[in-house]
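Here the structure is laid out as structure tokens; the discussion comes afterwards.
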Amino acid sequence: MRFRTLPYFLLFFSIFISCNRIEKTKTIKLAHGLDVNHSVHKAMVKMGADLKELSGGKLRLEIYPSQQLGTERQCLELLQIGSLDMTKVSVGVLENFAPKMKVLGLPFLFRDRAHAFKVLDGPVGRQLLEDGEKYWLKGLGYYDAGSRSFYTKDRPINSPDDLDGLKIRVMESVTAIDMVESLGGSPTPISWGELYTSLQQGVVDGAENNPPSFYLSRHYEVCKYYTLDEHTVLPDVLLAGTHLWKRLSLKEKEWLTQAVDKSIVYQRKLWLQSEEEALNAVQEAGVKIIRPDKTLFSEKIKGNYEQYRNNEELYRLIQEIQQTQ
């Protein structure tokens, strides 16, 4: 009888061991709204591979791209209630949840890309990431999202005067709305996933975004004018919900942080390549690239900064950013 029951015992024992191993693997769910060919998604894939290696398979990243789990705003809400673990959103959307982030959306705030990285990777950037924790959002770092510029369907934008009367799609961002209004346009908040159809149907006359997003979204099929005024250097922010962060051990947090840091370095390299490729591709598709006098735009929005004088904390952040060398 012993020899007959032994195989059943071994079978039960092997199932028990297998289940125990499965339980030891934690799956982290990450959702975002970008195409799988975008540098951010590619960086997240690398993050998942690095996380698996660093943790010895104890942590696993499950990625849901292309708004599979909702818009950026919806993903932030899912993070806050613990139904999603991680997401990537634009600072423009994040400012509705973590108000101090709006400082990064101010037009012509950064002198150039190097200045932006110095700020984001320095004390100001870290302070803004930490500030999100009171809203159940743990900031992990910043991906490069380049500079945002205007693209339009029927007429080119050579100066702010050309924006007069045009409906321009913006994110759900107060700073973006203020900027377009100051330049003479009519800001129209529309979700990213609905924008292509809105452009086709004439709901809006144009939009504003960086070159890779303009290209990968195929908006160049509808909009044949791209004006590189580069009004905002608006980074993408990688976030974890505080619900996830509290569940992780100190060692698990260390593994995740290391994987995130590696992905940021990788994404920023990919971004530079993707910017050049995107501009070349849209030009080949018949888009006219316009390089205007940027001072015409920057001078017109100078007054936007004055409204923050009464907000001591935000005005201090603006000054710290402008003084960063």
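The values are calculated or read from the model by the stated rules, or taken from the named source; none is laboratory data. Because the structure is a prediction, the values reported are computed rather than measured. When we count neighbours, we look across all protein chains shown, and the Cβ atoms used for this are built from the backbone with ideal geometry, even at glycine. Heads up: the accessible areas ignore ligands, DNA and RNA and are worked out on the full protein's heavy atoms, side chains in. Shrake-Rupley method; radii C 1.70, N 1.55, O 1.52, S 1.80 Å.
Overall shape of segment 35-80 was characterised from the C-alpha gyration tensor. The equivalent ellipsoid obtained from it has semi-axes of 22, 14, 7 Å, in decreasing order.
How many Å² of accessible area per residue for the chain, probe 1.4 Å? Walk me through the numbers before you get to the answer.
On the way: 15820 Å² over 325 residues.
I get 49 Å² per residue for this part.
For Ala43, the shell of other residues with beta-carbons less than 14 Å away shows a net charge of +1, using +1 for Lys and Arg and -1 for Asp and Glu. Helices in the chain, meaning DSSP H runs of at least 4 residues, each add -39500 (n - 2.57). Divided by all residues, the mean residue ellipticity at 222 nm is -14500 deg cm²/dmol. Charged neighbours of Pro160, selected by a Cβ distance under 10 Å, balance to -4 (K, R count +1; D, E count -1). Simple rule: put +1 on each Lys or Arg Cβ and -1 on each Asp or Glu Cβ in the chain, find the dipole, and look at Leu250, Cys223, Pro107; the Cα lying farthest toward the positive end is Leu250. Share of the chain's accessible area from carbon and sulfur, percent, 1.4 Å? The value for the chain is 51 percent carbon and sulfur by accessible area.
Each other residue within a Cβ distance under 11 Å of Leu244 adds +1 if Lys or Arg and -1 if Asp or Glu, for a net charge of +4. Of Lys46/Lys102; Lys100/Lys253; Lys58/Lys251; Lys138/Lys251; Lys26/Lys88; Lys42/Lys251, which pairs sit farther than 22 Å apart, going by alpha carbon to alpha carbon? In this structure, Lys46/Lys102; Lys100/Lys253; Lys42/Lys251 lie more than 22 Å apart at Cα. Per the Debye formula on identical point scatterers at the alpha carbon atoms of segment 110-156, with no solvent, log10 I(q)/I(0) at q = 0.13 Å⁻¹ is -0.44. Computed from phi, the 3J(HN,Hα) profile of segment 73-88 under the Karplus parametrisation 6.51, -1.76, 1.60 (θ = phi - 60°) reads 4, 5, 5, 5, 5, 5, 4, 5, 9, x, 8, 9, 8, 9, 7, 10 Hz, with x in place of Gly and Pro.
Based on the Cα atoms of the chain, what semi-axes does the equivalent ellipsoid have, where each is the square root of 5 times one gyration tensor eigenvalue, given in whole Å with the largest first? Three semi-axes, in Å: 42, 23, 17.
Estimated from the Cβ-Cβ distance and a Förster radius of 25 angstrom, the FRET efficiency linking Thr295 and Gln273 is about 0.30.
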